[in-house]
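What follows is a short report on a single structure.
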Amino acid sequence: MLQSNKQLITTILILLLIQVGLIYFWIKSEKTQEQTNIGMLFFGDLMLDRDIKTQIDQKGLSHLLEPLFDEKNSFFMNFDLIAANLEGPVTNNGAHYPPEAEIDFAFDPELVKQLKNNFNFNFFNIANNHIYDQGYQGLEETNQNLKNLDLYFSGCPDSIIEECTSTIIDIDNKKIGLAGFSMVYNPININEAQKHINNLKNQTDFIIVNAHWGQEYVHDFNTSQQNVAHSLIDAGADIIIGHHPHIVQGMEIYKNKPIFYSLGNFIFDQYFSEDTQQGLGVGIIVNNNSYQIYLLAIQSSNSQIKLMTEDDKNKFLQNFLNWSELEIYYQQQILDGIILIYP
């Protein structure tokens, strides 16, 4: 009888230890799951010269951005990565260098510093057709000024694929690869691009590609964009963020990976149409099991940015759906402004 009691007690203790162990690993798993949530927020074309600079000189950069980044929208400030396509070089004191061109941008590092300090921007794509507006000197100063500001950036001038194409950053113990390709004046070498992405995949947990491409002022993405996007995802890219057309283009989901063909303008002085004053912000929460994607419809009025009203947002999202190529499963999610993908 005594021996039987001892065996019973031993069995109970073992079961208790197993339960404690299971609870421990469950808690550890939950914490790990929480730690792997990575939040990223992407905007389209950002330009800080010409009429934008005149407005900033008169009213300050905050005048343009505070309606968007106000207390009601404080969730913007909680993302690990806030990014945009920086549509031009960051030269010393915003200097312009000869030869002059009709469209010729240069940004003062102090303005970019304000984007970082006041609005938490920490990554810029510089693979675009304007990064070389101030020549090689402007490109070198851009690299140095962004480094001095302790900002992440990636991308080479148009059609070039080299070491400058990508960078790797650490977020919550995950390595995120950020690559940029510009293909405005000339196409990229797709084999070299795939090779670059494949090599980046071997060094990272997750890859986001910024693609500067497409036909300006056209909502429909073209076959060339689609072929490049699919090839980059085949090589290992997880999300593609597009820009350059200056208006929003549609999206698709290929192999459970989202492709946003153009987010349109973010800050730009193109006041000549409603389309060029509408943009899309894309908030992405990545964890081990899913992508949660938030579609943020934004409206510009003389370059002052704010979220659209509910009626305008509903109309915009319906148009966005019409420009997109999506399975029925995702279509209602687009109209709701939240997409859930299980990669």
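None of the figures in this text is laboratory data; all of them are computed from the coordinates on show. Owing to the predicted nature of the structure, the values given are computational and were not obtained by experimental measurement. Here the Cβ is made from the backbone with ideal geometry for all residues, glycine too, and neighbour counts use every protein chain on show.
Here mean projected area of the Cα convex hull in nm² was computed from the coordinates, and among [x] 21.1; [y] 22.0; [z] 17.7 the match is [y]. The phi torsions of region 246-254, fed into the Karplus equation with coefficients 6.51, -1.76 and 1.60 and a -60° offset, translate into couplings of 6, 9, 6, 10, x, 9, 8, 10, 10 Hz, rounded to whole numbers, with Gly and Pro shown as x. Which loop-located chymotrypsin sites (Phe, Trp or Tyr not before Pro) does region 210-278 contain, where loop means any DSSP state but H, G, I, E or B and the Cβ has at most 10 other Cβ atoms within 10 Å? Answer in residue order: 272. Magnitude of the charge dipole for the chain, about its Cα centre and with charges confined to Cβ atoms of Lys, Arg (+1) and Asp, Glu (-1), is about 1640 debye. Of all aspartates and glutamates in the structure, those lying under 12 Å Cα to Cα from residue 201, and not within fewer than 8 positions of it along the same chain, are 234, 238. Please say if region 136-255 is rounded, prolate or oblate, where rounded means a/c under 1.5 for a ≥ b ≥ c the square roots of the C-alpha gyration tensor eigenvalues, and otherwise the choice is prolate for a/b larger than b/c and oblate otherwise? Since a/c reaches 1.5 but b/c is at least a/b, the shape of region 136-255 is classed as oblate. Taking a straight line from the alpha carbon of residue 113, these aspartates and glutamates sit under 17 Å away, with near neighbours fewer than eight places off in the same chain left out: 49, 57, 66, 87, 141, 150.
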